Amino acid sequence: AYLPKPFNPDELLSIIDNAIKRRQQMTGTDGKLVDLKADMSNIKQILRKNGQGLVRATDVYLTAKDTEVLDLLCRGFTNGEIASERGVSVIGVNRTIQNLYLKTQTRTRTELVRWAIQTGHVAAR
C-alpha cells in the first residue's frame, strides 16, 4: 500500500502498533477481522483530521504500475514515451491512465497531475 506524504511517522507507527496489539489481544478470544477493519477506519479518520487533508488519498489504492505511470505522466512523458519506458504497449498505458482517472475522479491529465501533487504522490516541480 502507498501512504501519501507528508505525514507524522511517529503518530502513524503508534497507531499501527496499537491496532496490532489490539488484534493480538483479540486472538484466542472472540476477535473478528471486522473489529480490526473498524480500527483501521478510525486510524484513517485520525490521520485525516491531524493531517489537515494531507492524507486525503488513503481511499485511493494505486498499484505499483499505477504509481510508475503516474510518475512518468507527471514528468511530462507522452503515452508513447511511457509505453517505451515501461516496455509495454500504448494501449496498456492508455488503459492504466483511464483507470487512474476513475480512481482519482479526475478527467484530464492536468487534473490528474494536480491531484498527484496535492495528495503527495509526486513532488511539485
Look at residue 95 and say whether it is exposed (fewer than 15 other Cβ atoms within 10 Å of the Cβ), of a type in the set (Lys, Arg), under 19 Å from the mean Cα position of the chain (by Cα) and closer than 20 Å to residue 63 by Cβ.
-> yes
Answer with yes or no whether residue 117 is surrounded by fewer than 16 Cβ atoms within 10 Å (Cβ to Cβ) and modelled with pLDDT of 95 or more.
-> no
Across the range 49-88, which residue is least open to solvent (accessible area, probe 1.4 Å) among those that are modelled with pLDDT under 90 and touching a helix residue (DSSP H, G or I) at 6+ places or on another chain (Cβ under 6 Å)?
-> 55
Within the range 73-114, tally of residues that are in a helix (DSSP H, G or I) and free of Cβ contacts under 8 Å to residues at least 24 places away in the same chain | 19
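The values are calculated or read from the model by the stated rules, or taken from the named source; none is laboratory data. Since the structure is predicted, the reported quantities are computational estimates derived from the model, not experimental observations. Because the Cβ atoms are built from the backbone with ideal geometry, glycine has one as well, and the counts that use them run over all protein chains shown. The accessibility values were calculated without ligands, DNA or RNA, using every heavy atom of the protein model including side chains. Shrake-Rupley method; radii C 1.70, N 1.55, O 1.52, S 1.80 Å.
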